[in-house]
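Here it is, the structure in full.
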Amino acid sequence: MIAFEAQVAEAYERGEIHAPVHLSSGNEDQLIEIFQGITRKDWVLSTWRSHYHALLHGIPPGELMRQILAGRSMFVNDAERRFYASSIAGGILPIAVGLGMAIKRRGEDRKVWCFVGDMAAMTGIFEEATRYAFNFELPVTFVIEDNFTSVYTPTRDSWFSNSYLWQSARSLLSNCVYYQYKSTWPHSGIGEWISF
Ligand SMILES: Cc1ncc(C[n+]2csc(CCOP(=O)(O)OP(=O)(O)O)c2C)c(N)n1
Ligand SMILES: [Mg+2]
C-alpha cells in the first residue's frame, strides 16, 4: 500500500496525472484490521482518498493505477467489485443508506462499508444517514477516519471545540467505527506544484 502511493506520487511528480490525487499514509494498520471484517461480497464506499480502500477491497493494483493515470483518483469506481468513490464531501452517505435498504429488501447476504473523513462526519447528512441506517437496522457500517484536518483547517478549531462530538454521541451507535491517524502526505498532491 505504501509502495503503491509512492508510485502514484512519482507519476504525479512526472506530470503524468492530469488531475488531483489525494494520497494516504499512517492508517495502514487500522485499515488492514478493519478490512478483516469486510468480504468481497460487500460494498465499499470511499472518498477522494480512495487508493488504500480500493486496494484492500481487491481492485488489482494495475487496474487502480490505470484509473488514477486517467485522472480518476478522486472517483475510483468498479461496479463488479462493488467499489464506489466520490469526491463530493458526504456524497456517499445517502448512497450507502440506499444500498443498505436495497440489500435488506432483497434479503442479500452482504453489507455496506462507508468511509468518511472527520470533517464529513460533522455534517448534517452524516447525522441523518447514520440515524436512519441505525433505526431501520440497515446493514451499513460507517467508518470515520479522523486525521484531525479538513484540507488544512484543524477540524476541532472549525467547531470551536476540543471534544469531538461524535466520539461522545456517535460512538453510542453500533453502526459506527472510529479511528485516528496522522498522514505524512499533504491533503492533496505531493507538496510541490505540478503543472497539469
Ligand atoms: C460538498 C463538498 N464541499 C467541499 C469540498 C472540498 N473538500 C474536499 S476534501 C475536504 C475536506 C474534508 O475533510 P475530511 O472529511 O476530514 O477528509 P480528509 O480529506 O481529511 O480525509 C473538502 C472541504 C468537497 N469535496 N465537497
Ligand atoms: Mg480529515
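The values are calculated or read from the model by the stated rules, or taken from the named source; none is laboratory data. Quick caveat, the model's predicted, so the values are computed rather than measured. All Cβ positions, even for glycine, are placed from backbone atoms using ideal geometry, and neighbour counts span all protein chains on display.
Take the residues in segment 164-187 that are among the hydrophobic types (A, V, I, L, M, F, W, C) and at pLDDT below 90; name whichever of them is surrounded by the fewest Cβ atoms within 10 Å (Cβ to Cβ).
Per the criteria, the residue is Leu172.
Does Val177 satisfy the criteria of being part of a strand (DSSP E or B) and touching a residue at least 24 places away in the same chain (Cβ under 8 Å)?
Spelling it out, Val177 is indeed part of a strand (DSSP E or B) and touching a residue at least 24 places away in the same chain (Cβ under 8 Å).
With respect to the numbered conditions (1) assigned to a loop (DSSP other than H, G, I, E, B); (2) under 16 Å from the mean Cα position of the chain (by Cα); (3) of a type in the set (Val, Ile, Thr), which one is the sole condition not fulfilled by Ile32?
(1)
Oh, and also: Checking His57 against (1) over 20 Å from Ser174 (Cα atoms); (2) surrounded by fewer than 20 Cβ atoms within 10 Å (Cβ to Cβ); (3) touching a Lys or Arg at 6+ places or on another chain (Cβ under 9 Å), which test does it fail?
(2)
Something else: Is it fair to say Val140 is under 15 Å from the mean Cα position of the chain (by Cα), farther than 30 Å from Ala11 by Cβ, of a type in the set (Val, Ile, Thr) and modelled with pLDDT of 95 or more?
Yes.
I need the full set of residues from segment 125-157 which are more than 15 Å from ligand 1 (Cβ to nearest atom), in a strand (DSSP E or B) and touching a helix residue (DSSP H, G or I) at 6+ places or on another chain (Cβ under 7 Å), in order please.
Scanning segment 125-157 gives a single hit, Val140.
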